[in-house]
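Peer 1: One structure follows; several queries about it will come next.
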Amino acid sequence: MELDQLLAFMTKQGASDLHLKPTRPPLLRLTGRLVPLKAEALTLDQVKDMVYKILTPMQTRRLEEKLSVDIGYGVPGVARFRGNVYMQRGNVAAVFRRIPYEIKSVESLNLPDVLLEMTAMPTGLVLVTGATGSGKSTTLAALIKYISANRPVHVITIEDPMEFLFADGMASISQRELGTDTLHFREALRNAMRQDPDVIMVGEMRDPETIGTVISAAETGHLVFSTLHTNSAAQTIDRILDSFPADQQGQVRTQLAQVLKAVVSMKLVEHADGRQRVAALEIMRSSPKIAKMIEKGETGEMLEEIQSSVGYYRMQTMNQSLIALLVHREITYQEAMRQSPDPEDLSLKLRNMFPNIEGGDMATSDFSEIQELQQFRRLYEEQEEKVKLQIGEKDERIADLTTALGERDQVVRDQDSRMEAMRREAEKMRAEYGRLKDEAQQKIEKQQVRIRELNAQLSGNAPQTPEKRQGIFR
């Protein structure tokens, strides 16, 4: 049985991890559960031979000295794998995590779009946290891929071991692996400051020195991404502070309040179909209140602030994310209750939203969409009431206008009647005027004839008739 064959079979089955341990058959993790292969149990020599064939001399020495070593391994045409070889009961054992060659996008991972806003920030610290196998590396890879495609910057990654292989896009990406390209995280981070970086991705903040250097890098004007094995934003703040001596925690708290831009805490939960898993996320983003809580050490009040900042800052608690998944029928009610960090709070929220939710099953992880729908509903109801009032007012106005129009129409009819009477009177006057004009014309003509006759008599042209003479001419 060859290791490459096991890794290829694991990839074909869609498993996330392969466990190799003496006296047991190889184990695959499928949808969160370990399933043994139908094969013979591995012997001590088989496990040792499979593992030692892929170790470099440096990795072999480290395994013998430290009794554990992280490695990166690729099978051409299959996938890359992140492995950890360790000793248990004096024998060699190993676990391999599958890392696909193709890096998925934030959209294809069904993650909230608010994560893309974090990639556009010029400076600050963004932490992706969660238990082992919760999707931290995959999410970080999706964010770096987006930066590579959309920002003309220099990205430096420092990993142990190197997992995803990034291709240059608009950005230039330099990947450094611990043990191959650098000896220590701290040294690699310090050297990165002289390599003109814009974005730095640190695989994991493992010790106070690395944490301090990461915070300093964020303070000096870089956008830094990293991971921690914590389950919530409040726990992340406490874990970072607890890594330092008590006399340094006040300074670190002040630095964190200034540079920490977001904490994304992840958990993979079983899909409703039982064949895959989906991500639930708690998202905390920097706000004046959050920064003040970090500076004063009031991490216990952080959850309430996250829960109430869904609308403006698009934060969300883990319970709110589980509700979003449940509403979108991505998970079942039972799975939501099983994965909830506070099942009583989740049950109360669900009963308020869906009174019959606990009577049976109700089958993406962005709670802000749910709140948006609720806000739309409230706005719709308020708008509907306003519209009803406006319609009532308009109906009254229409009735008033109808009455006014009726009155106006009556006035117009009265005016028309008066105008008609005046028109008839004008016609009569015009007819009388014509008659009087004709009579006057006739009289004028007669007078003109008479004047001509008189003029003729005065001039002597006309014969005088004594018997017809009258007045002074007799």
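The values are calculated or read from the model by the stated rules, or taken from the named source; none is laboratory data. Since the structure is predicted, the reported quantities are computational estimates derived from the model, not experimental observations. Note that we place each Cβ from the backbone using ideal geometry, even for glycine, and neighbour counts take in every protein chain shown.
Peer 1: Looking only at the range 85-94, decide whether some residue is farther than 24 Å from Leu178 by Cβ, in contact with a helix residue (DSSP H, G or I) (Cβ under 7 Å, 6 or more places away or on another chain) and not in a helix (DSSP H, G or I).
Peer 2: Applying the first criterion (farther than 24 Å from Leu178 by Cβ) to the range 85-94 yields 89-91.
Restricting the remaining residues to those that are in contact with a helix residue (DSSP H, G or I) (Cβ under 7 Å, 6 or more places away or on another chain) gives 91.
Next, only the ones that are not in a helix (DSSP H, G or I) stay: 91.
Taking every residue of the range 85-94 in turn, at least one turns out to be farther than 24 Å from Leu178 by Cβ, in contact with a helix residue (DSSP H, G or I) (Cβ under 7 Å, 6 or more places away or on another chain) and not in a helix (DSSP H, G or I).
Peer 1: Pairs please, first residue from the range 65-83 and in a loop (DSSP other than H, G, I, E, B), second anywhere and surrounded by fewer than 19 Cβ atoms within 10 Å (Cβ to Cβ) and at pLDDT 90 or above, Cβ atoms under 7 Å, 6+ apart in sequence or on different chains.
Peer 2: Close Cβ pairs satisfying both conditions: Leu67/Tyr86; Leu67/Met87; Val78/Ala8; Val78/Thr11.
Peer 1: Filter the range 50-72 down to the residues that are buried (at least 18 other Cβ atoms within 10 Å of the Cβ) and of a type outside the set (A, V, I, L, M, F, W, C), then identify the one that is farthest from Lys12 (Cα to Cα).
Peer 2: The qualifying residue farthest from Lys12 (Cα to Cα) is Arg62.
Peer 1: Is it the case, given these coordinates, that Leu67 is within 28 Å of Val269 (Cβ to Cβ) and either within 41 Å of the chain's Cα centre (by Cα) or not assigned by TED's automatic domain parsing to the domain that holds Ala131 (or both)?
Peer 2: So Leu67 does not fit the description; no.
Peer 1: Mind listing whichever residues of the range 267-276 are under 15 Å from Arg329 (Cβ atoms) and of a type in the set (Lys, Arg)?
Peer 2: The one that is under 15 Å from Arg329 (Cβ atoms) and of a type in the set (Lys, Arg): Arg275.
Peer 1: Going through Gln334, Gln375 one at a time, which residue ends up being surrounded by fewer than 18 Cβ atoms within 10 Å (Cβ to Cβ), modelled with pLDDT under 70, not assigned by TED's automatic domain parsing to the domain that holds Val278 and not β-branched (Val, Ile, Thr)?
Peer 2: The conditions single out Gln375.
Yes/no per residue for (1) within 28 Å of Phe225 (Cβ to Cβ); (2) β-branched (Val, Ile, Thr):
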{"residue": "Lys261", "(1), (2)": "yes, no"}
{"residue": "Ile283", "(1), (2)": "yes, yes"}
{"residue": "Lys289", "(1), (2)": "yes, no"}
{"residue": "Ala336", "(1), (2)": "no, no"}
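Peer 1: Right, next: In this structure, does Ala218 turn out to be in contact with a Gly (Cβ under 8 Å, 6 or more places away or on another chain) and either basic (Lys, Arg) or buried (at least 19 other Cβ atoms within 10 Å of the Cβ) (or both)?
Peer 2: Yes.
Peer 1: Okay, moving on. Would you be able to say whether some residue in the range 21-41 is surrounded by fewer than 16 Cβ atoms within 10 Å (Cβ to Cβ), among the β-branched types (Val, Ile, Thr) and at positive phi?
Peer 2: Yes, there is a match, as at least one residue in the range 21-41 is surrounded by fewer than 16 Cβ atoms within 10 Å (Cβ to Cβ), among the β-branched types (Val, Ile, Thr) and at positive phi.
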